[in-house]
Amino acid sequence: MQQYLEAGKVVTTHGVRGEMKLELWCDGVNFLKKVGRLYASAQGGRAWKIVSIRAQGQMALLQLEGVNDMDAARALRGQVFYFDRNDATLPAGRWYVADLIGCEVRDADTGRVYGVVTSVDHPGAQDIYTVKAPSGKEYMFPGVDAFLKERNPPEGYLLVTPIPGLLDDDFDSEREEE
């Protein structure tokens, strides 16, 4: 599992005192407040202390220690920032999206492998998982308890109970075609 995970990307400056507008790629402003510091590399390196952060629509206004004017902030435009997973605490049973990508999707009852998670999107009330089957075909399923029975990224798998017609029929017809 990756040690440093994406927090967001600086899209522009805000004002003349070094604030930056950050496109959030994590759970939001309150999450980053608790983290307290950001890194400019997926390998860690220099840590930037978060001086202040507040929501502005779907973005965040971010002030980092040592970034005190518009020129310093402008130099960071386009910069992706990362947080150290050791600086964050997730509730039991919650996982970072980066940990779910690449997990094998298995039938909770039969052990049948449906494919591998390639993305997790958040278009509305629940997450949508995209699974790539061994044939290369992609399928989507909702990340709801009725379907998703277990997430176990440390062991590299998710257990699902297929919704009739969603995965089952498609995978059965793929098997017939082979």
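The values are calculated or read from the model by the stated rules, or taken from the named source; none is laboratory data. Note that this is a predicted model, so its numbers are computed, not measured. Every residue, glycine among them, receives a Cβ derived from its backbone with ideal geometry; neighbour counts consider all protein chains shown. With ligands, DNA and RNA removed, areas are computed over all heavy atoms of the protein, side chains included. Shrake-Rupley method; radii C 1.70, N 1.55, O 1.52, S 1.80 Å.
Here is how the numbers come out for the structure above:
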read-out	value
Top-ranked residue in region 57-67 [being farther than 15 Å from residue 80 by Cβ and modelled with pLDDT of 95 or more; ranked as most open to solvent (accessible area, probe 1.4 Å)]	65
Residues being in contact with a Pro (Cβ under 6 Å, 6 or more places away or on another chain) and under 11 Å from residue 160 (Cα atoms) - total across region 98-117	0
Filtered residues of region 81-93 (kept if open to solvent by 50 Å² or more (accessible area, probe 1.4 Å) and in contact with a Lys or Arg (Cβ under 9 Å, 6 or more places away or on another chain))	89, 93
Pick from region 94-116, criterion open to solvent by 50 Å² or more (accessible area, probe 1.4 Å) and not in a loop (DSSP other than H, G, I, E, B), ranking: nearest to residue 155 (Cα to Cα)	104
Given (1) open to solvent by less than 70 Å² (accessible area, probe 1.4 Å); (2) touching a strand residue (DSSP E or B) at 6+ places or on another chain (Cβ under 8 Å); (3) under 29 Å from residue 162 (Cα atoms), number of the condition residue 20 does not satisfy	(3)
Residue list for region 130-143, restricted to those being in contact with an Asp or Glu (Cβ under 8 Å, 6 or more places away or on another chain) and either more than 17 Å from residue 153 (Cβ to Cβ) or at pLDDT 90 or above (or both)	130, 131, 132, 133, 135, 137, 139, 142
Every residue from region 69-88 that is part of a loop (DSSP other than H, G, I, E, B) and in contact (Cβ under 8 Å) with a residue 60 or more places away in the chain	76, 77, 78, 79
Close pairs from region 7-35: first of a type in the set (S, T, N, Q), partner open to solvent by 10 Å² or more (accessible area, probe 1.4 Å) and assigned to a strand (DSSP E or B), Cβ under 8 Å, at least 6 apart	12/21; 13/19; 13/21
Flag for residue 46 being open to solvent by 20 Å² or more (accessible area, probe 1.4 Å) and without any contact (Cβ under 8 Å) to a residue 24 or more places away in the chain	yes
